[in-house]
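Enquirer: Sharing a structure, written as structure tokens. Questions coming.
The values are calculated or read from the model by the stated rules, or taken from the named source; none is laboratory data. Quantities reported herein were computed from a predicted structural model and do not represent experimental measurements. We place every Cβ from the backbone using ideal geometry, glycine too, and count neighbours over all the protein chains shown.
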Amino acid sequence: MDKTYFFISDIHLGLDSSENEKQKEKLLVKFLEYAKANCSELFILGDLFDYWFEYKRVYQKGFFRTLTALQDITENGIKLHYFIGNHDFLHSNFFEKEIGAIMYNNPEEFILNGKRFFIGHGDGLAKNDYGYKILKKVLRNKILQKCYAWLHPDIGIYLAKNTSKKSRGYTTKRNYGEVDGLFDAAKLKINEGYDYVLFGHLHRRCYEKHNNGYYINLGSWLESPCYGSFKGNKFEIVDWK
């Protein structure tokens, strides 16, 4: 029996003013409640948070309603797949142990309703983005992360927030090429036999056919909140309002 799969990407909780973030979180929580009742598995394609640093005994203030809504999803028997993005990459084990999410640092292959999917956030896959690839290796160095964890949470989260703003500005202004910097990477995967290649990261909604497959980018919730839905053999991007 075919299942229903939902996909979201680049919500960037914590980016804007407190009032705007409250409204965005309310919208997200309503979607998560809808997903709990209408899908078999939920995929988060990265940057759920605009910044995230997970201390051993502390997690950052805010997002309580989102965290409990995600836990409700897993407790309802729905698989939650979370691909770490370039803004929320400083995870440890909170989402796995407390929420029950399956965490991924890199893109992965899935067989969904008999179709081959290649799914990931997309950061570092644009072949001409050498600067970010170097920065990614530095930021994800486990030794450096452990050293950073010695900072007081107020200082550490403050620095993470401001660094995130600079990274987002770089991503937004960067010219990645043809359709976007990920399209060529998607083409290669489709040529390997994948039916669907799903990314986020660039904040540009896209649904492109290439040979016998499709490249899909879900854009972001900063401009137009939406989710991907795959039911039977049909994938669609649905506006969430």
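Enquirer: Quick one: in region 192-204, of everything that is out of contact with any Asp or Glu (no Cβ under 8 Å at 6 or more places or on another chain) and either among the small types (Gly, Ala, Ser) or under 15 Å from Asp47 (Cα atoms) (or both), which residue is surrounded by the fewest Cβ atoms within 10 Å (Cβ to Cβ)?
Expert: Among them, the one singled out is Gly193.
Enquirer: For region 37-64, name all the residues that are modelled with pLDDT of 95 or more and in contact with a helix residue (DSSP H, G or I) (Cβ under 7 Å, 6 or more places away or on another chain).
Expert: Leu42
Enquirer: Tell me the residue from Ser224, Ser220, Ser229 that is surrounded by fewer than 21 Cβ atoms within 10 Å (Cβ to Cβ) and in contact (Cβ under 8 Å) with a residue 40 or more places away in the chain, please.
Expert: Result: Ser229 is the single residue among Ser224, Ser220, Ser229 that is surrounded by fewer than 21 Cβ atoms within 10 Å (Cβ to Cβ) and in contact (Cβ under 8 Å) with a residue 40 or more places away in the chain.
Enquirer: Also: What are the pairs, 6+ residues apart or on separate chains, where a residue within region 101-116 that is closer than 14 Å to Tyr5 by Cβ has its Cβ under 7 Å from a residue that is among the small types (Gly, Ala, Ser) and surrounded by fewer than 14 Cβ atoms within 10 Å (Cβ to Cβ)?
Expert: Matching pairs, first to second residue: Asn113/Gly232; Arg116/Gly193.
Here's the yes/no breakdown for (1) modelled with pLDDT of 95 or more; (2) in contact with a strand residue (DSSP E or B) (Cβ under 7 Å, 6 or more places away or on another chain):
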position: Asn191; (1), (2): yes, no
position: Leu198; (1), (2): yes, yes
position: Arg204; (1), (2): no, yes
position: His210; (1), (2): yes, no
position: Ile216; (1), (2): yes, yes
position: Gly219; (1), (2): no, yes
position: Leu222; (1), (2): no, no
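Enquirer: Here's a follow-up. Please name all residue pairs, on different chains or six or more residues apart, with Cβ atoms under 6 Å, provided the first residue is in region 28-53 and is charged (D, E, K, R) and the second residue is in a strand (DSSP E or B).
Expert: Once the first residue is charged (D, E, K, R) and sits in region 28-53, its partners that are in a strand (DSSP E or B) give Glu41/Tyr5; Glu41/Lys79.
Enquirer: Out of the residues in region 210-241 meeting the condition of being touching an Asp or Glu at 6+ places or on another chain (Cβ under 6 Å) and of a type outside the set (A, V, I, L, M, F, W, C), tell me which one is nearest to Gly114 (Cα to Cα).
Expert: Selected residue: Gly232.
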